[in-house]
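Student: One structure is given below, represented as structure tokens, and several questions about it will come after.
Just so you know, all these numbers are worked out from the coordinates, no wet-lab data involved. Because the structure is predicted, anything quoted here is derived from the model rather than measured. A quick note on method: Cβ atoms are made from the backbone with ideal geometry, for glycine too, and the neighbour counts reach across all protein chains shown.
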Amino acid sequence: MVSREVQAHDTVVRFGNAAVGGDKFAVIAGPCSVESEEQLLSVAEMVKKHGAVALRGGAYKPRTSPYDFQGMGVEGLKLLKMANEQLGIPTVSEVMEVSQMDSMCEYIDCLQIGARNMQNYALLKAVGESKKPVLLKRGLSATIEELLLAAEYIYDAGNPNIILCERGIRTYETATRNTLDLNAVAYLKQRTHLPVVVDPSHGTGVRELVIPLSRAAAAVGADGIIVESHLNPCEALSDGHQALTGPMFEQLMQELKPFVEAA
Ligand code: PEP
Ligand code: MN
């Protein structure tokens, strides 16, 4: 029952002091992966200072290659909790398996379902039963209808606190990592009352394209963005090439000011 025909007004999803949906454009930011206490706390402080409403960071990472960094696991979740307690910023992190739910719920404010798990129905039901806010990413090759039906699983299990995320889809185009489907944002805003955010980091895979596509997301009516940022992207253990540096993140927030501050 995520349809606008059932509920005309926009759903606002709240966690900690963050609100996604409604009038203000919400910026969720942080590293692709939690890598260390120093890395996480320094980037968290930076994104908070410039106006991010929530901190992202993966502790369980769905990597294409099994030889790549797989995430810090529960130690990463504890660092996210530490950042939350020290800075008062709520956190978003990916849950990959039902068995991770207890620790995710203990340490994290908003559970991300990654693109690769959009149709993991056991996981959708588990986050639905948990009642924690959920950020549901569109599958790598999922249609908009499939995304809405995935959201319906969470809703039907008892959890209406769902944020949809357009993060780019597979097309024939190889110049960018994915093709960011901004049609989906405009379409979803008409079809559903759920908030819709854009991930321009995975949507493009290219740091230099993240600010222009963030502006486009705001212009098309998205409720916010989730963006990767790292204070030393060359050293990042995942997705460094698409991470905004500190000065770039500051510039992004300057450019989004009219949307972020809208009454
Ligand atoms: C991520 O947010 O780091 C991530 C793995 O995203 P996606 O599931 O969209 O690929
Ligand atoms: Mn990433």
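Student: Find which of Gln251, Val92, Thr171 sits farthest along the positive direction of the dipole of the chain, computed with +1 on the beta-carbon of Lys and Arg, -1 on that of Asp and Glu, about the Cα centre.
Tutor: My answer, from the dipole projection, is Thr171.
Student: Whose amide H sits under 5 Å from the amide H of Thr11, counting only residues 5 or more places off or on another chain, with H placed in the peptide plane?
Tutor: Leu194
Student: Continuing with this model, one more query. What's the center-to-center distance, using Cα atoms, between segment 68-114 and segment 171-233 in Å?
Tutor: Segment 68-114 and segment 171-233 have Cα centres separated by 23 Å.
Student: Now, a different point. Please compute the length gained on full extension between Arg215 and Lys81, using 0.36 nm multiplied by the number of residues separating them and subtracting their Cα-Cα distance. Could you put the intermediate results ahead of the total?
Tutor: Values: separation 134, 0.36 × 134 = 48.24 nm, distance 3.04 nm.
So the chain would gain 45.2 nm between Arg215 and Lys81.
Student: Return the distance in nm (one decimal) between the two label points of a simple spin-label model at Tyr121 and Arg4, each offset 7 Å from Cα along Cα→Cβ.
Tutor: 2.9 nm
Student: Stretch Thr245-Leu149 to full length: gain in nm at 0.36 nm per residue minus the Cα-Cα span? Please list the in-between numbers first.
Tutor: Numbers: separation 96, 0.36 × 96 = 34.56 nm, distance 3.58 nm.
31.0 nm is the gain from fully extending Thr245 to Leu149.
Student: Excluding Leu209 itself, what net charge comes from residues whose Cβ is under 12 Å from its Cβ, given Lys and Arg +1 and Asp and Glu -1?
Tutor: On the way: positive: Arg177, Arg207, Arg215; negative: Glu208.
Taking every Cβ under 12 Å from that of Leu209, the sum is +2.
Student: Okay, next question. Give the Rg/Rh ratio for segment 120-170, taking Rg as the radius of gyration of the Cα atoms and Rh as the Kirkwood radius, to two decimals.
Tutor: Values: Rg = 10.3 Å, Rh = 10.8 Å.
Here Rg/Rh amounts to 0.96.
Student: Mind telling me which of Val210, Val127, Val98 comes out most flexible in a GNM of the chain, alpha-carbon contacts under 10 Å?
Tutor: Result for the chain, Cα springs under 10 Å: Val98 fluctuates most.
Student: Around Ala142, under 11 Å between beta carbons, what's the net of Lys plus Arg minus Asp minus Glu among the other residues? Don't jump to the answer; show the numbers that get you there.
Tutor: Details: positive: Arg116, Lys137, Arg138, Arg167, Arg170; negative: Glu145, Glu146, Glu166, Asp181.
Net charge in that neighbourhood comes out at +1.
Student: If the viscosity is 1.002 mPa s and the temperature 20 °C, what Stokes-Einstein diffusion coefficient in µm²/s follows for segment 107-263 when Rh is the Kirkwood radius over Cα pairs?
Tutor: Values: Rh = 16.1 Å.
For the chosen part, D equals 133 µm²/s.
Student: In nm, give the distance between the simple-model label positions of Val98 and Ser141, each being 7 Å from the Cα along the Cα-to-Cβ direction.
Tutor: Reported label-point gap for Val98 and Ser141 is 2.7 nm.
Student: What share of all Cα pairs of segment 181-263, in percent, falls into each consecutive 5 Å distance bin?
Tutor: Bins of 5 Å from zero give 3, 15, 25, 23, 17, 11, 5, 1, 0 percent of pairs.
Student: Between their Cα atoms, which of Lys125/Lys189; Lys61/Lys189; Lys78/Lys137; Lys49/Lys78; Lys81/Lys257; Lys131/Lys257 are more than 26 Å away from each other? Could you put the intermediate results ahead of the total?
Tutor: Values: Lys125/Lys189 24 Å; Lys61/Lys189 29 Å; Lys78/Lys137 23 Å; Lys49/Lys78 22 Å; Lys81/Lys257 28 Å; Lys131/Lys257 32 Å.
Going by Cα-Cα distance, Lys61/Lys189; Lys81/Lys257; Lys131/Lys257 fall outside the 26 Å limit.
Student: Which value in Å is the Kirkwood Rh of the chain over different Cα pairs?
Tutor: Evaluated over the chain, this radius sits at 17.9 Å.
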